[in-house]
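Worksheet: the structure to be examined is printed underneath.
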Amino acid sequence: ATDSDRLIQRPLPPELLMRGDDPFSPPPGLDRLHERAAVSPVELLNGARIWMVTGFAESRAVLTDERFSADTHRHPNAMQLTPNQVVEQRAAAAAGRGGCPATEQQRTDGLFIFMDPPEQTRLRRLLVGQFTVRRMRALEARVREITVEHIEAMRAAGPRADLVSAFALPLPSLVICELLGVAYEDRAEFQERSAVAVNLDASDEERLHAQAGLYEFMRGLVADKRTHPADDLISGLVHGDADPALTDEELVDLSTMLLGAGHETTANMLALGTYALLEHPEQLAALRADPGLIDTAVEELLRYLSVIHTGPVRVAVEDLVLGDVTIPAGDTVMISLPEANRDTGQWPDPAELDLTRVRNHHLAFGHGVHQCLGQQLARVELRIGLAELLARLPGLRLDASPADIGLRTGMIIYGVHSLPVTWD
Ligand code: HEM
């Protein structure tokens with residue numbers, strides 16, 4: 001691993017990470033844990049000990065039990081899992097302003113993904129109120145336009161492209177621009193900074209610089225919406241009926257969290273989802289023959305792939321029993337979505353990709369009070385994105401050998417670094 005890899009990698013032992021011989025399935029090491037027990041102790045490379053939850057029922061239990069806290073920043077054991085990217089951005093920004101990163105790191109004003117009720121409830125409710133049916137409809141139309149523009153640009157420059165940089169990364173980033181109300185003339189800057197902020201080929205310095213720039217960008221955006229409200233999510237929050245009113249810090253954090261939660265997740269589902277379809281020609285042919293399968297296809301890809309492959313993570317706030325083990329207060333539990341989503345007690349033949357599966361209640365978007373707030377938007381992007389790719393790029397196929405496709409094995413969000421494709 002390079003230095004920049006280390007910044008955003010989980011210190012999991014290699015046998016518990018996704019790997020190249022089957023890029024879509026959990027590694028045998030995780031399967032073995034799951035065969036033995038639904039909850040297992042695991043030692044990380046840095047010596048920290050955590051509990052790995054591989055069972056479906058046990059994962060749901062963790063996500064609905066208030067004795068498990070999402071406020072992992074207060075717990076040293078959980079902190080050893082990863083430097084948190086969003087908090088890192090705040091720290092980088094503080095460093096850029098001459099502030100003190102150590103103090104900034106303690107602050108998570110609007111990052112309710114790391115809060116517990118009732119604090120989390122207040123902020124989440126305000127955000128949910130902005131995901132109105134009307135706004136989602138308007139966004140859906142824009143998702144289609146952005147998708148078509150990008151695929152047509154690929155065709156014009158084709159017949160080969162890197163699907164990640166040409167399509168999968170820009171689509172969700174532009175959708176978040178729409179949602180937040182980033183002005184057209186500022187989108188290139190926003191996209192450039194978001195792309196560098198998550199680019200592993202960039203140096204640490206370049207990445208931190210881009211992250212600090214993104215934070216400043218969000219501050220500017222919030223200030224602008226205070227004086228020039230428009231029909232977008234930030235304006236809605238600024239001028240809504242929040243009581244007490246949201247602070248600038250909270251607004252910047254909420255916006256940054258939407259980008260952090262909605263960009264790489266959706267991008268990797270688009271790219272890895274396409275890769276999985278290309279590597280399952282019968283399933284791909286079935287979807288091409290019946291585009292009406294797209295809804296169940298997207299749910300099945302979400303179940304089958306689990307781009308969040310090492311988490312969600314929680315901390316036990318008191319001693320408790322989970323599965324057959326007693327978890328002491330202060331211990332960290334990591335849910336393994338790839339295992340939970342392939343639990344044989346929940347699905348027949350879970351290792352098969354079957355785009356016609358129904359009653360597919362997977363955990364790809366989590367469960368309980370933190371269940372993904374952007375899931376409807378993510379589904380819209382995946383349905384439209386994948387359907388248009390197949391419709392507009394006949395004969396779409398890999399333009400590299402699978403062995404040469406770089407996997408985001410140790411990263412927080414799993415997927416592919418790039419996906420060279422070609423078409424007829
Ligand atoms: C939370 C997955 C797309 C916004 C979550 C959680 C998961 C998840 C598993 C729960 C985390 C936890 O319990 O700790 C995904 C996947 C996506 C996706 C797989 C794409 C395929 C999006 C998008 C947005 C978004 C597009 C917004 C534009 C959020 C937010 C939360 C969240 C705000 C925190 C909710 C809370 O803490 O109450 N997501 N997500 N996500 N997601 Fe997503």
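Observations
- Elements of the type strands (runs of 3 or more DSSP E) sitting completely within the stretch 272-378 and holding at least 2 residues that are in contact with a Ser or Thr (Cβ under 7 Å, 6 or more places away or on another chain) and not charged (D, E, K, R): these cover 313-316, 332-335.
- Qualifying positions in the stretch 203-236 - in contact (Cβ under 8 Å) with a residue 60 or more places away in the chain, acidic (Asp, Glu) and out of contact with any Gly (no Cβ under 8 Å at 6 or more places or on another chain): Asp204
- Exclusive hit being surrounded by fewer than 23 Cβ atoms within 10 Å (Cβ to Cβ), small (Gly, Ala, Ser) and closer than 18 Å to Arg357 by Cβ, set Ala297, Ala289: Ala289
- Condition check for Ala378: in contact (Cβ under 8 Å) with a residue 60 or more places away in the chain, more than 19 Å from Phe24 (Cα to Cα), near the ligand (Cβ under 8 Å from one of its atoms) and under 18 Å from the mean Cα position of the chain (by Cα): yes
- Residue list for the stretch 62-82, restricted to those being buried (at least 20 other Cβ atoms within 10 Å of the Cβ) and modelled with pLDDT of 95 or more: Val62, Leu63, Phe68
Here's the yes/no breakdown for (1) in contact with a helix residue (DSSP H, G or I) (Cβ under 7 Å, 6 or more places away or on another chain); (2) under 18 Å from Tyr184 (Cα atoms); (3) in a helix (DSSP H, G or I):
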| site | (1), (2), (3) |
| --- | --- |
| Ala223 | no, yes, yes |
| Pro229 | yes, yes, no |
| Ile234 | yes, yes, yes |
| Asp241 | no, no, no |
| Glu249 | no, no, yes |
| Leu254 | yes, no, yes |
| Met257 | yes, no, yes |
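- Taking first residues from the stretch 276-294 that are touching a residue at least 12 places away in the same chain (Cβ under 8 Å) and partners that are among the acidic types (Asp, Glu) and crowded, with 17+ Cβ neighbours inside 10 Å, the Cβ contacts under 9 Å between residues at least 6 apart in sequence or on separate chains come to Gln283/Glu300; Gln283/Asp354.
- Selected residue (criterion: nearest to Ala316 (Cα to Cα)) from residues of the stretch 28-51 that are assigned to a loop (DSSP other than H, G, I, E, B) and under 25 Å from the mean Cα position of the chain (by Cα): Ala48
- Selection within the stretch 399-417 - hydroxyl-bearing (Ser, Thr, Tyr) and surrounded by fewer than 18 Cβ atoms within 10 Å (Cβ to Cβ): Ser401
- Some residue of the stretch 210-222 being at pLDDT 90 or above and touching a strand residue (DSSP E or B) at 6+ places or on another chain (Cβ under 8 Å): no
- Being aliphatic (A, V, I, L, M), in a helix (DSSP H, G or I) and within 16 Å of the ligand (Cβ to nearest atom) holds for only one residue in Leu386, Leu390, and it is Leu386.
- When the test is whether a residue is more than 14 Å from the ligand (Cβ to nearest atom) and at pLDDT 90 or above, Leu233 does not pass it.
- Of the candidates Glu279, Glu318, Glu249, Glu299, the single residue that is in contact with an Asp or Glu (Cβ under 7 Å, 6 or more places away or on another chain) and either at pLDDT 95 or above or away from the ligand (no atom under 15 Å from the Cβ) (or both) is Glu249.
- Scanning the stretch 382-415 for residues that are within 30 Å of Phe131 (Cβ to Cβ) and in contact with a Leu (Cβ under 6 Å, 6 or more places away or on another chain) yields Gly385, Gly415.
- The listed residue being in contact (Cβ under 8 Å) with a residue 24 or more places away in the chain, more than 22 Å from Phe114 (Cα to Cα) and more than 16 Å from the ligand (Cβ to nearest atom), out of Asp331, Asp349, Asp354, Asp404: Asp354
- Sole exception among (1) touching a Leu at 6+ places or on another chain (Cβ under 9 Å); (2) closer than 21 Å to Ser194 by Cα; (3) not hydrophobic (A, V, I, L, M, F, W, C) for Arg124, by number: (2)
- Any hit, the stretch 193-212, residues being within 30 Å of Phe24 (Cβ to Cβ), within 16 Å of the ligand (Cβ to nearest atom), crowded, with 18+ Cβ neighbours inside 10 Å and not aliphatic (A, V, I, L, M): yes
- Considering residues of the stretch 108-155 that are of a type in the set (D, E, K, R) and without any contact (Cβ under 8 Å) to a residue 24 or more places away in the chain only, the residue farthest from the ligand (Cβ to nearest atom): Glu149
- Residue count for the stretch 111-131, restricted to those that are more than 19 Å from Pro244 (Cβ to Cβ) and modelled with pLDDT under 90: 2
- In the set (1) within 24 Å of Asp21 (Cα to Cα); (2) surrounded by 21 or more Cβ atoms within 10 Å (Cβ to Cβ); (3) at pLDDT 95 or above, His309 fails one condition alone, (3).
The values are calculated or read from the model by the stated rules, or taken from the named source; none is laboratory data. Since we're looking at a predicted model, the values are computed, not measured. Ideal geometry is used to build each Cβ from the backbone, glycine not excepted, and the neighbour counts take in all protein chains shown.
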